[in-house]
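The values are calculated or read from the model by the stated rules, or taken from the named source; none is laboratory data. Computed from a predicted structure; not experimentally measured. All Cβ positions, glycine included, derive from the backbone under ideal geometry; neighbour counts span all protein chains shown. Keep in mind that these areas ignore ligands, DNA and RNA; they rest on the heavy atoms of the full protein, side chains included. Shrake-Rupley method; radii C 1.70, N 1.55, O 1.52, S 1.80 Å.
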Amino acid sequence: MDNAQQKFFEEFSSRVNDKVQSIEMINIQANNETFEAMKLVPQAGTNLVWGLLVVCEHSFYFYAHPYESMMMSMFRAASQGEAPKEQFFSFDAVKNFVIVEREKKWYDIFFNSTKFVLDVTFEIEGKTYSCCFNTQSKAADVAAKIKALLK
């Protein structure tokens with residue numbers, strides 16, 4: 001583990017009072033209602049938020065570092081818009097969390113898409129929401145880390 005990753009682990013662990021075990025680069029793909037419930041803001045013109053799935057000893061979190069491209073930065077500066085903000089969601093806030101690997105289809109031999117997608121449903125304040133986790137690692141490996149916490 002390099003120094004930057006070690007520093008992130010330490011800072012995040014102190015922030016949530018839980019020791020970081022691993023991080024996974026993912027994007028969450030959802031509708032606006034789900035993002036509102038999670039208090040996340042999707043990237044302009046998309047239905048997704050890129051960030052880190054941070055798996056700790058007792059829970060897991062989604063963390064999106066503030067980011068914008070050079071072009072978006074210039075547009076924002078010219079229009080005196082607001083800079084992007086850090087985004088954070090604790091899955092401690094949800095109930096009835098269910099994570100399922102996508103069923104393989106015959107055409108996956110060409111696209112291999114389901115290998116990296118997890119379908120997720122959960123409840124916040126009694127209302128059910130759903131989204132997809134698009135992972136960089138194999139979805140089965142990411143699901144196993146989360147399921148180990150849910151036991």
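A few remarks follow.
- The residue that is surrounded by the fewest Cβ atoms within 10 Å (Cβ to Cβ), counting only those in the stretch 1-59 that are closer than 22 Å to LEU149 by Cα and of a type in the set (Ser, Thr, Tyr), is SER14.
- When the stretch 107-140 is filtered for residues that are among the small types (Gly, Ala, Ser) and either in contact with a Pro (Cβ under 9 Å, 6 or more places away or on another chain) or modelled with pLDDT of 90 or more (or both), the ones remaining, listed by number, are GLY126, SER130, SER137, ALA139, ALA140.
- A count restricted to the stretch 32-48 and to residues that are farther than 21 Å from ALA139 by Cβ and either touching a residue at least 24 places away in the same chain (Cβ under 8 Å) or assigned to a strand (DSSP E or B) (or both) stands at 5.
- Residues of the stretch 26-48 that turn out to be at pLDDT below 95, of a type in the set (A, V, I, L, M, F, W, C) and either out of contact with any strand residue (DSSP E or B) (no Cβ under 6 Å at 6 or more places or on another chain) or farther than 24 Å from MET72 by Cα (or both), as a count: 2
- The stretch 10-31, residues that are in contact (Cβ under 8 Å) with a residue 12 or more places away in the chain and either more than 30 Å from ASN47 (Cβ to Cβ) or assigned to a helix (DSSP H, G or I) (or both): PHE12, SER13, VAL16, LYS19
- Boolean, LYS19 is in contact with an Asp or Glu (Cβ under 9 Å, 6 or more places away or on another chain) and more than 18 Å from PHE133 (Cβ to Cβ): yes
- Scanning the stretch 96-110 finds no residues that are over 24 Å from ASP141 (Cβ atoms) and either touching a residue at least 24 places away in the same chain (Cβ under 8 Å) or open to solvent by 40 Å² or more (accessible area, probe 1.4 Å) (or both).
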